Amino acid sequence: MYKNLIISAFEEVRNKTGKRRDYPRARVLSDYIQEETKEPYGDRSLVTKYQTAKKGEPVEIPDFVIEGLCKYVGYDDVESWKASTVTKERGEPMDTKKRAWKVSVSIVLIVGLLGVLSWQYLTRERWMEWKDPVYVEADFDAEKLSNGILKIYKQERIDNFKRIEANCNTTFFSPDGTATVFYGKNQKREYQWFTDLAKHPETGKALKPITPYMIEKYICPKEEIKHHTEK
């Protein structure tokens, strides 16, 4: 049932970004799924599912991946995508006039869709790149895009994601105990601290929520860390 969904998602990436190879498109979907669902799903797994779907074979994917793919192709949730799929699959016999009318409407819709896709391709999405310690909006650059430096513009990344210099006065947890600082290693294998859960802007590896152990070992040794109730 989900083979058409994953094929549609890969095609949508190509329409939006111009990417044609499987792995670059899978990386876009992998990043989007993690941002939407807060759960990681690798690009290698997505490529495997996509290649299986293109062969016409059944594809099984986790529920959170289905949710992320449905949103990426323009549906509010999984149920609305399923409803649309069922509607498309239910066909009723039509006489010649009805068939001709359907063909005409389809042509109009296709022409309109091609116009929209052409407009999306020409205008495309905004872009951003990492300028330590924050993301900034950037002009399109094919070389930077191919090297993974240029990323699709995300307002929440611009507003909320940055690298910080953590110390004993940093607020590490919200009042309910949820981490407000996240960590990962840079290309030099040095720990760095960030304000939001995402992927490390240099290595592309998923960041992890801070823990009392990490705080005491790498930030504020031998001192008691209290969960602050406000910054």
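The values are calculated or read from the model by the stated rules, or taken from the named source; none is laboratory data. Since the model is a prediction, treat every value here as computed from it, not as a measurement. When we count neighbours, we look across all protein chains shown, and the Cβ atoms used for this are built from the backbone with ideal geometry, even at glycine.
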- With respect to residue 9, is the statement that it is over 15 Å from the mean Cα position of the chain (by Cα) and at negative phi true? no
- Message: One residue is enough: does region 72-93 have a residue meeting the conditions at pLDDT 85 or above, of a type outside the set (D, E, K, R) and not in a loop (DSSP other than H, G, I, E, B)?
- Response: yes
- Could you list, in sequence order, the residues of region 6-31 that are more than 12 Å from residue 72 (Cβ to Cβ), basic (Lys, Arg), in a helix (DSSP H, G or I) and touching a Leu at 6+ places or on another chain (Cβ under 9 Å)? 27
